[in-house]
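Written out below as structure tokens is the structure these notes cover.
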Amino acid sequence: MLIRSPKEWELPESAATPESVYHHRRTFLKTLGFGLAGAALTPRSLFATTAGFPTRVNPNYRDPALKPTAYEHITSYNNFYEFGTDKADPKPNANQGWKTEPWTVEIGGLVRNPTKIDANELVPKMGGAEQRVYRFRCVEAWSMVIPWDGFPLAKLIQFADPKPEAKFVTFTTFNDPKNVPGQRRPILEWPYFEGLRLDEAMNDLSFIATGIYGRPIPNQNGAPLRLVVPWKYGFKGCKSIVKIDLVAKQPRNTWQVMAPDEYGFYANVNPQVDHPRWSQASERVIGEGGALGRRQRTLMFNGYEKQVAALYQGMNLAKLY
Amino acid sequence: MPLLENLLRRKPVIWTLILLPGLWPVWPLFVTKDSSALTDPLKLILHHLGFVACLLLATVLTFTPLRVLWPKSGLVQALNRHRRLVGVSAFAYAAIHYSVHLLYEGGVEFLPITLKADLSKPFLVTGMSALTILLGLSITSLHAAVRWLGGKRWKQLHRLAYVAAALVAYHQAAARKVFPMQVIYIFGPLVVLEILRIYNPRGPNAQRSTLNSQRPSSLT
């Protein structure tokens, strides 16, 4: 018979805080100003945009039915091909001397008020940062729930003051093959670029994130500012933006250039329109369901049908995927 | 070399070599507790089982061209003793990979969606077809099946393993958004060996060793 004497550091299961209590504690701390603590305790050099923290919670985007994915998962399971093609690559590779501060963003194209501005100066100009909890759905059929901090994209566009002929908005990521290993390999067309129709960009859901969970956004998630369009597949969310342009014609986007039969300009989350290689009807819910994980049905427009369906009235979404 | 040859002749050694790579996910999941691997552990296991199945299938297919090219090598002879074991283990990994796939796709609740995709998407159809081929070849790897089919027919049937390899190479490449280089590392050596086998520089000897390799492996 094997008699096992417990080590002094071993705790009985009963001593562990139940998960629900643990999560409530986090929510409680967050409302108390967890963001402030996080921003103050973290050295500035680690993160880029520190302006705007602590952020204020926007109650309109805090659906109690949405349970945020753990910070650890959000910041260690990333698609950021500039830093490697495996999900585990960006976290170590984006934090080895790649600098996201200072960071200048250029807003131009068909606007009356073209600007070149430091990211930390931009945030106060946008009225500071707020927190919104959004669903996040990757084209690879997995999903998270992410508390983003940042400001509505519409504010930025209003600030830039588009000319009447502007119909689309483009977003361009940095180009730095010297310091960023992935950009030395022709995996994709560098720098990464994305686009939205102007009315999509002006929708209240479209968001520029500068933080996650009340803390400045880590490099691997697209520091210092990235696009968040929650009703579209994650690849639309251009990371580490250096340039935003208003243009007259529908722009291309990186993944569409790469495989036009698989990735379109719109990339709206749609459970009825499959990827040619896999079904989009359901998704893995990251961080849920223990070792086996959990799968749930994917919602039309990722659950934001009320807010965005009108944008696509009369369009054939199977063709304009 | 004789030591390696001696080791490779032994079944327990081959069993160990087959089973060990299957245990690889234990490392990030339980030892290093790699946060990225723990984000969706089943996905790691799913991809890894598929990877090992590809590796074993490509490996077992190199045995014949190796024997044609270096018929006198003790090492090659040692490897060729284990054709059936390695081949069937490729099927075993593929079968567990597919079971994990069903689980990963949501189990019973999502079965209709999963099967519909399995039978309609080229990425998944190729995997399913390869699995079916490997199932057939595993069943007919029994001595009784060899006798029942006869050596020639058995040999022709088992050439389907090459079809399975081609299907699996496509399946593996299509699993990622960008082309994964591992497909080259896994199937590249096999392609090179097959090309060498076709342009075998050993002249008439090549003919004889090819004839030798016509014999079903289970009888050797």
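Each 10 Å bin from zero holds the following percent of Cα-Cα pairs in region A:18-312: 6, 29, 38, 23, 4, 0. For the set A:Lys99/A:Lys236; A:Lys99/A:Lys249; A:Lys249/B:Lys121; A:Lys125/A:Lys319, the pairs lying more than 28 angstrom apart at their alpha carbons are A:Lys99/A:Lys249; A:Lys249/B:Lys121; A:Lys125/A:Lys319. Rounded to the nearest 10 degrees, the inclination of helix B:204-213 to the longest alpha-carbon principal axis of chain B is 50 degrees. For A:Lys167, the aspartates and glutamates whose Cα falls under 12 Å of its own Cα, not counting residues fewer than eight places away in the same chain, are A:Asp199, A:Glu200, A:Asp245.
Below 8 Å, C-alpha to C-alpha, sequence gap of six or more: please give me the relative contact order for chain B in percent. It would help to have the intermediate numbers written out before the result.
Working: 198 pairs, mean separation 55.8, N = 220.
Once normalised by length, the contact order is 25 percent.
Looking at the square roots a ≥ b ≥ c of the eigenvalues of the Cα gyration tensor of region A:49-97, which shape do they give, rounded for a/c under 1.5, prolate if a/b is larger than b/c, or oblate? Cα axes put region A:49-97 in the oblate bin.
Ordered from longest to shortest, the equivalent ellipsoid semi-axes for the protein assembly as shown are 51, 28, 22 Å, each the square root of 5 times a Cα gyration tensor eigenvalue.
Modelled spin labels at B:Lys33 and A:Glu72, positioned 7 Å past Cα toward Cβ, are 0.6 nm from each other.
Rg and Dmax over the alpha-carbon atoms of region A:95-234 stand at 15.2, 43 Å. For region A:158-314, what does the alpha-carbon gyration tensor say about shape, rounded, prolate or oblate, given a ≥ b ≥ c as the root eigenvalues, a/c under 1.5 as rounded, and a/b over b/c as prolate? It comes out rounded by the Cα gyration axes. Dividing the mean sequence gap of close Cα pairs (under 8 Å, 6+ apart) by how many residues region A:132-282 holds gives a relative contact order of 28 percent.
Within region B:71-121, the trypsin sites (Lys or Arg not before Pro) that combine a DSSP coil assignment with at most 14 other C-beta atoms in a 10 angstrom radius are B:Lys72.
The A:Ile117 and A:Lys306 beta-carbon pair, evaluated with R₀ = 25 Å, returns a calculated FRET efficiency of approximately 0.15.
Stretched out straight at 0.36 nm per residue, the stretch from A:Arg185 to A:Asp86 would grow longer than its current Cα-Cα span by 34.2 nm.
Distance from the Cα centroid of region A:252-321 to that of region A:151-187 is 22 Å (rounded to whole angstrom).
Remark: for residue pairs A:Lys306/B:Lys116; B:Lys72/B:Lys155; A:Lys178/B:Lys177; A:Lys91/A:Lys155, the C-alpha separation exceeds 27 Å in A:Lys306/B:Lys116; A:Lys91/A:Lys155.
Placing dummy labels 7 Å off each Cα toward the beta-carbon, the span from B:Ser73 to A:Ala291 is 4.0 nm.
Can you list which of the trypsin sites (Lys or Arg not before Pro) found in region A:213-279 are DSSP loop residues with at most 10 other C-beta atoms within 10 Å? Write down the numbers at each step before the final one.
Details: sites: A:Arg226, A:Lys232, A:Lys236, A:Lys239, A:Lys243, A:Lys249, A:Arg252, A:Arg277; in loops: A:Lys239, A:Lys249, A:Arg252, A:Arg277.
Passing both the DSSP loop test and the Cβ count: A:Lys249.
Within region A:77-153, list the trypsin sites (Lys or Arg not before Pro) lying in a DSSP loop whose Cβ has at most 10 other Cβ atoms in a 10 Å radius. Loop-located and lightly packed - A:Arg112. With the simple spin-label model, which puts each label point 7 Å out from Cα in the Cβ direction, the B:Leu142 to A:Ala248 separation comes to 7.5 nm. For A:Arg215, nonlocal amide neighbours, meaning residues 5 or more places apart or on other chains whose placed amide H falls under 5 Å from its own, do not occur. Against the main long axis of the alpha-carbon atoms of chain B, helix B:41-69 sits at an angle near 10°.
Here the calculated FRET efficiency for B:Leu20 and A:Ala65, from their Cβ-Cβ distance with R0 = 45 Å, stands at 0.50, rounded to the nearest 0.05.
The overall shape of chain B, judged from the alpha-carbon gyration tensor, is prolate: a/c is not under 1.5, and a/b is greater than b/c. Close amide H partners of A:Lys232, meaning residues 5 or more places away or on another chain with modelled amide H under 5 Å apart, are A:Val269. Between A:Val57 and A:Gln131, the built amide H atoms are under 5 Å apart, and every one of these is 5 or more places off in sequence or on another chain.
Coordinate-derived values only; no laboratory data. Only a predicted model underlies this, so the values are computations on that prediction, with no experimental measurement involved. For neighbour counting, all protein chains shown are included, and Cβ atoms are generated from backbone atoms with ideal geometry for every residue, glycine included.
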